[in-house]
1. Using the heavy atoms of the protein chains and a 1.4 angstrom probe, tell me the accessible area per residue for the range 1-64 in square angstrom.
2. Report in % the part of the accessible area of the range 52-183 that belongs to carbon and sulfur, leaving out ligands and nucleic acids; probe 1.4 Å.
3. Order Lys252, Lys175, Lys121 by their accessible area, 1.4 angstrom probe, all chains in place, largest first.
4. Identify, among Ala159, Pro140, Phe191, the residue whose Cα sits farthest towards the positive end of the charge dipole of the range 115-200, taking +1 on the Cβ of Lys and Arg and -1 on the Cβ of Asp and Glu, with the dipole about the Cα centre.
5. Need the list of aspartates and glutamates near Lys54 for cross-linking: C-alpha distance under 16 angstrom, and skip anything on the same chain fewer than eight residues off.
6. What ³J(HN,Hα) values, in whole Hz, does the Karplus curve 6.51 cos²θ - 1.76 cosθ + 1.60 give for the range 210-223 when θ = phi - 60°, with x put for Gly and Pro?
7. Between Asp48 and Ser138, how many nm apart are label points set 7 Å from Cα along the C-beta direction?
8. Using label points projected 7 Å from each Cα along Cα→Cβ, tell me how many nm separate Glu181 and Ala236, to one decimal.
Amino acid sequence: MNYYDQHLHTFLSFDSEEQFENYLVNKPEFFVATDHFDLQNAGTGFHDDIPDYKVLTEKLATLSEQTETKLLRGIEIGVVPGQEAAIQDYLTAHPYDLKLISIHQNGAFDYMDDIVLTKNKFDVAKMYFDQMATVLDSFPDGHILTHFEYGLRRFDFSATELEEHFEKELITIFKKVIQRELAMEINAKSFGRYQNASLYRYAIPLYQSLGGKLFTLGSDAHVAEDYRLLFPEMAALLAEFGVQQLAVFQGKDRWLTNLPLDEKK
């Protein structure tokens, strides 16, 4: 099995219009879209943003007759403390093969909203990391913890600042990730658009020092052109720290695959 993109979006996400067919032009062995699930989403006027499961099921059934690619169901779950029971009820009724855990918003604002720029960046980061630690305790589902630095993206943070101010919080988070056998995602948006590769360069060996071994790459694509975005570059960074394999999740099953060091997007 070759590694495949485990974080991307389609028209079933509130912030994408992309079609499944445009991703499948790449003819991957496996394909999974991880569309957004965010209850009372502060980023969209506190709407419940839920991907239409019926449409997903019908789309995958239609596509399965047109492609040899094995099609999987995925979802990116934005979790705010207090929503855990409602989310779990939904997931019980709507099974998925791949579940990403994300912290996007806190019930008052999205961490990418302009309002964060009116706040002290260290206060926002502390709020964000504390929320992540809480969710890792209170929400028991999921396979991958995505973009660990999402809540820092609107600010200019250095790896030194992360180490000096938040190493304790990150140690707590990574220990929970390891205990739960989740994977740590290296996110292409973080790595590229938001220029946070240095934060991953700090976080990866910290995670490893605590026993962390499971990693994934995610393009976080919202358009098909970004499918497998920056995979060779992100894989090269992991290779610098001795990582040779990536984790792939399908329901209760997990496999390890080789790093895509020489592959083109």
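1. Numbers: 2840 Å² over 64 residues.
Computed with neighbouring chains in place, this is 44 Å² per residue.
2. Details: 2750 of 5850 Å².
Carbon plus sulfur share of accessible area: 47 percent.
3. Details: Lys252 210, Lys175 115, Lys121 45 Å².
Largest to smallest exposure gives the sequence Lys252, Lys175, Lys121.
4. Phe191
5. Qualifying aspartates and glutamates at Cα under 16 Å: Asp35, Asp97.
6. Result, ordered by residue: 8, x, x, 10, 9, 10, 9, 10, x, 6, 6, 5, 10, 9 Hz.
7. Result for the modelled spin labels: 1.9 nm.
8. So the label points at Glu181 and Ala236 sit 3.4 nm apart.
The values are calculated or read from the model by the stated rules, or taken from the named source; none is laboratory data. Given the structure is predicted, the values throughout are model-derived calculations rather than measurements. So basically every Cβ, Gly included, is an ideal-geometry build from the backbone, and we count neighbours across all protein chains shown. Surface areas here come from the heavy atoms of the whole protein model, side chains and all, with no ligands, DNA or RNA. Shrake-Rupley method; radii C 1.70, N 1.55, O 1.52, S 1.80 Å.
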